[in-house]
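Right, one structure below, let's go through it.
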Amino acid sequence: MKKIYFVRHGQSEYNFKKIYSGNIDTKLTDLGKQQAHKTGQLLKHKNITSILTSDLSRAYNTALNIKDIIDPEDSIEIQSTPLLQEVFFGDIQGKKYSESCGLIYAIESGTGESAQALYDRGTQVLELIHSIKTEGDILVVGHGLFSSIVFAVSEGKTKDDLIDYRLHWNFYNGEIKEKNLNELKFKDKSTAR
């Protein structure tokens with residue numbers, strides 16, 4: 001059974017400063033690099049043959065750090081995509097965390113990414129994962145909030161369920177969540193009516 005290992009990037013400068021980063025590019029901290037290294041050690045003996053990552057540097061560099069550990073022969077290609085970028089939080093990006101959830105604000109304020117856009121992007125990511133031709137397992141390196149969207153879509157949640165799902169779902173820096181490929185379902189647009 002093909003496994004998909006989802007990893008949230010290591011701590012970023014904005015995580016440390018408690019600033020909403022969304023799709024703003026922010027670097028890993030020293031702790032973030034250590035988290036990526038530790039995650040690589042935990043994945044070292046898995047049969048990962050493909051890596052998919054967000055194109056934002058905090059995720060991409062986490063993927064590179066992990067790859068250095070799991071692929072000393074340098075045989076695994078890293079594919080980066082903007083589809084895996086973090087949620088666009090709108091006008092709170094670059095500002096200090098508030099008491100409200102970034103996802104709630106993004107959707108309800110109308111300044112961030114809409115629930116429909118997030119749902120559609122989550123579906124596209126699932127389609128992309130299913131399209132990867134590889135013999136082994138797949139590592140997907142992304143972001144905390146958007147990863148929850150991907151999981152919500154794969155579990156059959158609707159766009160209207162995204163906020164409630166997120167409030168009960170946490171994904172910490174450097175954490176690994178494992179799924180079987182057949183658990184990652186999505187509605188095939190070619191058969192949808």
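Based on the Cβ-Cβ distance of Ile104 and Lys185, what FRET efficiency does E = 1/(1 + (r/R0)^6) give at R0 = 30 Å, to the nearest 0.05? Computed FRET efficiency for Ile104 and Lys185 comes out at 0.70.
Summing charges over neighbours of Leu83, with a neighbour being any other residue whose Cβ is under 12 Å away from its Cβ, gives -3 when K and R count +1 and D and E count -1. Net charge of the neighbourhood of Gly32, taken over other residues with C-beta under 13 Å away and scored Lys/Arg +1, Asp/Glu -1, is +3. Projecting the Cα atoms of Ile132, Pro82, Ile104 onto the dipole axis of the chain, where Lys and Arg carry +1 and Asp and Glu carry -1 at the beta carbon, places Ile104 farthest toward the positive end.
With 30 Å as the limit on Cα-Cα distance, the pairs of Lys33/Lys95; Lys27/Lys185; Lys18/Lys46 that go past it are Lys27/Lys185; Lys18/Lys46.
The calculated 222 nm mean residue ellipticity attributable to helices in the chain amounts to -11500 deg cm²/dmol, summing -39500 (n - 2.57) over DSSP H runs of n ≥ 4 and dividing by all residues.
The charge dipole of segment 18-115, taken about its Cα centre with unit charges on the Cβ of Lys, Arg, Asp and Glu (plus for the first two, minus for the last two), comes to roughly 380 debye. Placing a label point 7 Å from the Cα of Thr81 along the Cα-to-Cβ direction, the residues of segment 95-118 whose backbone N falls under 17 Å of that point are 117-118.
Each of Ser154, Gly144, Asn170 was placed along the dipole of segment 118-193 (beta-carbon charges, centred on the mean Cα), and the one lying farthest toward the positive end is Ser154.
Whole-percent P(r), segment 38-193, all Cα pairs, 5 Å bins from 0: 1, 9, 18, 21, 20, 14, 9, 5, 2, 0. Can you give the FRET efficiency to the nearest 0.05 for Ile69 and His168, using r as the Cβ-Cβ distance and R₀ = 25 Å? It comes out at approximately 0.20.
When you restrict to C-alpha pairs under 8 Å that are six or more residues apart and normalise by the size of the chain, the relative contact order lands at 33 percent.
Each reported figure results from applying straightforward, stated rules to the coordinates on display, with no laboratory input. Keep in mind that what you see is a predicted model, and the values were worked out from it rather than measured. Methodologically, a virtual Cβ is constructed for each residue, glycine included, from the backbone with ideal geometry; neighbour enumeration extends over all protein chains shown.
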